[in-house]
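Colleague: After the structure tokens below, expect a handful of questions from me.
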Amino acid sequence: MNNFTKISLAALLLATTIFSSCKKEYETIESVDEATIQAYIKANNLGSVMKPDGAGSYYQIIDGGSGDVFANKDSVFFSYQEKSITDATVYNSTSTYAVSGTYYGYMSNTFNGTWGKALNGLKYGAKVRILVPSHLAYGKNGYAALNVPSNAILDTYINTLTFRKQWQLDDYYIQTYLTANKITATKDPATGIYYVVTSAGTPGTVINDQTTLVIKYTGRFLSGTSFDSSTDGTFSTTLNNVIKGWGILKNFAPGAKVRLFIPSVLAYGPAGSSDSSTGLVVIPANTTLDFDIEIVSATN
């Protein structure tokens with residue numbers, strides 16, 4: 001055997017050893033994940049409800065939903081929460097007024113298809129729980145942005161909503177907010193805007209799209225965070241130059257003080273709004289808005 005052959009053989013043996021070592025490490029992670037999940041299932045008496053998906057995850061169908069079965073082309077609104085299987089630390093979750101939405105085909109590919117296996121054959125309104133092994137989730141690197149540590153196994157809850165249109169979701173947000181805050185509001189059937197009148201104003205000038213209005217206002221998200229305000233009586237506009245939702249002010253008189261809950265489709269829609277000088281997002285896409293408005297004066 002010449003020196004070249006010896007070197008080549010040595011290199012081959014070294015490569016084989018490294019490959020075997022990597023493979024062994026990967027299999028060890030799989031086995032550790034499996035053992036941890038099985039212990040969790042046993043400790044929480046989940047053996048009768050958790051089903052294996054054949055790839056390492058386990059899932060429970062909490063509610064199968066109703067109506068049409070999901071198709072890849074369908075748009076689905078959903079909320080979810082990811083937490084640690086070991087100490088229940090929540091890594092990631094949607095907020096009450098900002099659920100996620102995407103095509104089912106995209107959604108079902110999450111975490112190497114884990115979500116798709118659990119949701120396969122289900123319908124709108126379906127709810128599932130998935131135990132996702134680390135090697136199918138964020139892996140050995142974790143995810144620093146969400147404070148997910150290395151080799152974290154996820155206990156994930158996914159709730160799909162029955163709504164298929166953004167305006168339906170907007171209405172759900174508003175009703176949820178009103179109920180949570182014990183606010184009685186009137187829904188305008190023509191627009192879907194909800195309003196509360198604290199002062200009716202004085203009938204006189206009839207407001208139209210070209211009427212010059214002096215307005216005091218404060219705009220908030222349903223989270224309570226204010227994104228814009230002008231309360232010194234210097235803001236002047238016509239309804240042609242503001243979001244469509246403000247068009248409902250034509251139903252009120254000068255001097256009126258109202259609170260408006262405006263669906264995103266009548267606000268900034270799927271585009272949202274950004275600061276023109278910095279490019280930073282001011283109002284995220286599909287955001288329902290809450291305004292306090294006083295019509296100081298109206299001039300035709």
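Colleague: Leu122 fails exactly one of the following numbered conditions: (1) touching a helix residue (DSSP H, G or I) at 6+ places or on another chain (Cβ under 9 Å); (2) surrounded by 17 or more Cβ atoms within 10 Å (Cβ to Cβ); (3) within 21 Å of Asp53 (Cβ to Cβ); (4) aliphatic (A, V, I, L, M). What is the number of that condition?
Modeller: So Leu122 meets the others, but not (1).
Colleague: Here's something else I'd like to know. What strands (runs of 3 or more DSSP E) completely inside region 257-299 contain at least 3 residues that are surrounded by 21 or more Cβ atoms within 10 Å (Cβ to Cβ)?
Modeller: In region 257-299, 257-262, 289-299 are the strands (runs of 3 or more DSSP E) which contain 3 or more residues that are surrounded by 21 or more Cβ atoms within 10 Å (Cβ to Cβ).
Colleague: Just one of (1) at pLDDT below 95; (2) surrounded by 16 or more Cβ atoms within 10 Å (Cβ to Cβ); (3) closer than 30 Å to Asp87 by Cβ trips up Gly201, so point out which.
Modeller: So Gly201 meets the others, but not (3).
Colleague: Tell me the residue from Lys187, Lys244 that is surrounded by fewer than 18 Cβ atoms within 10 Å (Cβ to Cβ), under 30 Å from Thr102 (Cα atoms) and touching a Phe, Trp or Tyr at 6+ places or on another chain (Cβ under 6 Å), please.
Modeller: Lys187
Colleague: Here is a further query. What's the number of the condition Ile215 fails, among (1) farther than 22 Å from Tyr172 by Cβ; (2) of a type outside the set (S, T, N, Q); (3) not in a strand (DSSP E or B)?
Modeller: The one condition Ile215 does not meet is (3).
Colleague: From Thr179, Thr156, Thr86, grab the single residue that is more than 20 Å from the chain's Cα centre (by Cα) and either surrounded by 21 or more Cβ atoms within 10 Å (Cβ to Cβ) or not assigned by TED's automatic domain parsing to the domain that holds Asp63 (or both).
Modeller: Checking each option against the conditions leaves just Thr179.
Colleague: Right, Ile193: over 28 Å from Gly247 (Cβ atoms) and touching a Pro at 6+ places or on another chain (Cβ under 8 Å) or not?
Modeller: So Ile193 fails the test.
Colleague: Ok, one more. Which strands (runs of 3 or more DSSP E) sit wholly inside region 77-168 and have at least 3 residues that are under 30 Å from Ala190 (Cα atoms)?
Modeller: Filter on region 77-168 gives 100-103.
The values are calculated or read from the model by the stated rules, or taken from the named source; none is laboratory data. These numbers come from a predicted model, not from an experiment. All Cβ positions, even for glycine, are placed from backbone atoms using ideal geometry, and neighbour counts span all protein chains on display.
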